[in-house]
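The values are calculated or read from the model by the stated rules, or taken from the named source; none is laboratory data. Note that the coordinates shown come from a computational prediction; the quantities given were computed from them, not determined experimentally. Glycine gets a Cβ as well: all are built from the backbone with ideal geometry, and neighbour counts include every protein chain shown. Remember, those area values only see protein heavy atoms, side chains included, never the ligands or the DNA or RNA. Shrake-Rupley method; radii C 1.70, N 1.55, O 1.52, S 1.80 Å.
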Amino acid sequence: METKIEKVNCLIIGSGPAGYTAAIYAARAGLKPVLYQGLQPGGQLTITNDVENYPGYPDGVMGPQMMMDFQKQAERFGTDVRFGMVTSVDFSNGAHKVVVDGVHTLQADAVIVSTGASAKWLGLESEYRLNGHGVSACAVCDGFFYRGQDVAIVGGGDTACEEASYLAKLCRKVYMIVRRGELRASRIMQERVKTLPNIEILWYTETDEVLGDHAVTGVRVKDVRNGQPRVLEVQGFFVAIGHQPNTAVFNGQLQMDEQGYIVTEKGSTRTNVSGVFACGDAQDKIYRQAITAAGTGCMAALDAERYLAEKGIH
Ligand code: NDP
């Protein structure tokens with residue numbers, strides 16, 4: 001068992017757009033950041049195909065390539081990028097202690113949390129197999145590929161309603177697959193989807209299988225009240241049943257909302273623990289875009305830099 005504690009100036013946890021942007025800014029400010037990549041180096045964008053809405057890539061870019069570019073840019077200014085998963089933290093009494101892979105302990109002057117969130121999936125084999133080939137968890141990212149076509153979206157919350165309205169502007173027909181007889185979404189969002197003529201809500205409906213060999217060709221659903229099956233001929237299948245922020249390791253250490261999103265002070269990335277900053281999807285359940293995550297990553301680095309300067313550490 002290792003006992004030595006490594007001291008670092010600025011520790012960044014997570015390697016999506018938020019973490020790498022924080023790293024670029026922190027490194028250029030001379031904070032010598034150390035960044036741990038976590039379980040999924042590059043984050044959620046590594047499981048998408050084309051990214052067409054990130055400014056600066058006029059011809060689009062593949063998600064994995066974009067994240068390699070982010071990493072390269074962070075390393076160019078001296079970020080120490082490491083494999084490893086944070087397994088526990090201790091932020092009590094002013095400590096910023098972080099244990100990686102259960103064995104390596106670091107003490108950081110400032111910590112930036114950018115652990116992101118993961119989309120929830122239905123758990124169907126066909127959904128997994130066709131992910132990126134017609135199955136998506138982000139309408140804003142992928143809806144454009146289905147313009148003029150028919151699509152289905154699962155879920156009845158604000159995200160599903162917002163994404164269904166977004167898809168309705170692009171697609172010919174949008175089926176909303178809702179497992180109960182009502183929507184969970186706010187009233188205003190419910191009204192919006194109910195009044196759009198090309199959205200059809202399928203109540204009491206569950207998805208049994210996404211159809212297609214190499215690309216989605218349809219979805220088999222059933223009415224849960226009588227088991228009646230139905231095949232929807234769609235080219236896109238969107239899952240919008242919620243996200244799970246990857247923040248379990250900070251339970252009891254950082255203030256979170258009831259869904260586990262880290263609470264930050266309005267207009268900043270400061271958490272309730274001095275010297276610990278949070279950015280990206282770990283603290284954002286509304287926007288969840290690469291560009292907004294990158295924006296808050298920049299904010300976190302600037303906040304950390306200011307904090308260290310005020311402490312006289314940097
Ligand atoms: P929610 O948890 O609010 O809604 C999830 C939806 O998915 C529910 O309708 C739920 O059904 C359904 N669902 C869950 N699991 C399954 C499953 N296995 N099969 C079928 N359906 C399933 O998640 P959201 O992402 O919509 O929203 C998260 C939070 O973010 C909310 O607080 C929301 O208000 C907020 N938000 C706000 C926005 C805004 O203000 N503009 C935009 C987006 C989100 P059931 O109801 O039966 O449980």
Which condition from (1) more than 30 Å from residue 32 (Cβ to Cβ); (2) not in a loop (DSSP other than H, G, I, E, B) is the one that residue 215 breaks? (2)
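If you check residue 77 against the conditions, is it of a type outside the set (S, T, N, Q), outside the structural domain of residue 215 (by TED's automatic domain parsing), closer than 30 Å to residue 134 by Cα and modelled with pLDDT of 95 or more?
No, not satisfied.
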Within the range 251-290, which residues are closer than 30 Å to residue 65 by Cβ and without any contact (Cβ under 8 Å) to a residue 12 or more places away in the chain? 286, 287
State the number of residues belonging to the range 241-250 that are open to solvent by 10 Å² or more (accessible area, probe 1.4 Å) and either free of Cβ contacts under 8 Å to residues at least 12 places away in the same chain or among the hydrophobic types (A, V, I, L, M, F, W, C) (or both). 3
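Yes or no, residue by residue, for (1) within 19 Å of the chain's Cα centre (by Cα); (2) among the small types (Gly, Ala, Ser); (3) buried (at least 24 other Cβ atoms within 10 Å of the Cβ):
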{"residue": "259", "(1), (2), (3)": "yes, no, no"}
{"residue": "270", "(1), (2), (3)": "no, no, no"}
{"residue": "277", "(1), (2), (3)": "yes, no, yes"}
{"residue": "283", "(1), (2), (3)": "yes, no, yes"}
{"residue": "286", "(1), (2), (3)": "yes, no, no"}
{"residue": "300", "(1), (2), (3)": "yes, yes, yes"}
Note down all Cβ pairs under 7 Å where the first residue falls in the range 150-174 and is within 16 Å of the ligand (Cβ to nearest atom), the second is among the small types (Gly, Ala, Ser) and open to solvent by 40 Å² or more (accessible area, probe 1.4 Å), and they're at least six residues apart or on different chains. 158/186
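Does the range 156-184 hold any residues that are assigned to a helix (DSSP H, G or I), over 20 Å from the mean Cα position of the chain (by Cα) and crowded, with 19+ Cβ neighbours inside 10 Å, and which are they?
Taking the range 156-184 first, the residues assigned to a helix (DSSP H, G or I) are 158-170.
Next, from what is left, pick out any that are over 20 Å from the mean Cα position of the chain (by Cα): 165, 168-170.
Passing the criteria: only 168.
Quick one: is residue 123 away from the ligand (no atom under 15 Å from the Cβ), at pLDDT 95 or above and closer than 29 Å to residue 227 by Cβ?
Numbers: away from the ligand (no atom under 15 Å from the Cβ): no; at pLDDT 95 or above: yes; closer than 29 Å to residue 227 by Cβ: yes.
Here the answer is no, as residue 123 does not meet what is asked.
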Given the structure, is residue 135 in contact (Cβ under 8 Å) with a residue 60 or more places away in the chain and not assigned by TED's automatic domain parsing to the domain that holds residue 301? yes
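For residue 183, state whether it is in the same structural domain as residue 169 (by TED's automatic domain parsing) and within 13 Å of the ligand (Cβ to nearest atom).
yes
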Could you list, in sequence order, the residues of the range 186-206 that are farther than 12 Å from residue 223 by Cβ, within 10 Å of the ligand (Cβ to nearest atom) and touching an Asp or Glu at 6+ places or on another chain (Cβ under 9 Å)? 186, 189
Counting residues that are open to solvent by less than 10 Å² (accessible area, probe 1.4 Å) and closer than 24 Å to residue 310 by Cβ, which strands (runs of 3 or more DSSP E) fully inside the range 1-118 reach at least 1? 5-13, 33-36, 97-100, 104-113
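With in a strand (DSSP E or B) and under 24 Å from the mean Cα position of the chain (by Cα) as the only criterion, which of 201, 153 stands out? Full working, then the answer.
Numbers: 201 fails: under 24 Å from the mean Cα position of the chain (by Cα).
None of the others qualify; the one that does is 153.
A quick yes/no check of all residues on (1) under 22 Å from residue 74 (Cα atoms); (2) more than 16 Å from the ligand (Cβ to nearest atom); (3) small (Gly, Ala, Ser):
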{"residue": "225", "(1), (2), (3)": "no, no, no"}
{"residue": "247", "(1), (2), (3)": "no, no, no"}
{"residue": "252", "(1), (2), (3)": "no, yes, yes"}
{"residue": "255", "(1), (2), (3)": "no, yes, no"}
{"residue": "259", "(1), (2), (3)": "no, no, no"}
{"residue": "265", "(1), (2), (3)": "no, yes, no"}
{"residue": "269", "(1), (2), (3)": "yes, yes, no"}
{"residue": "295", "(1), (2), (3)": "yes, yes, yes"}
{"residue": "304", "(1), (2), (3)": "yes, yes, yes"}
What's the number of the condition residue 214 fails, among (1) open to solvent by 60 Å² or more (accessible area, probe 1.4 Å); (2) touching a Gly at 6+ places or on another chain (Cβ under 6 Å)? (2)
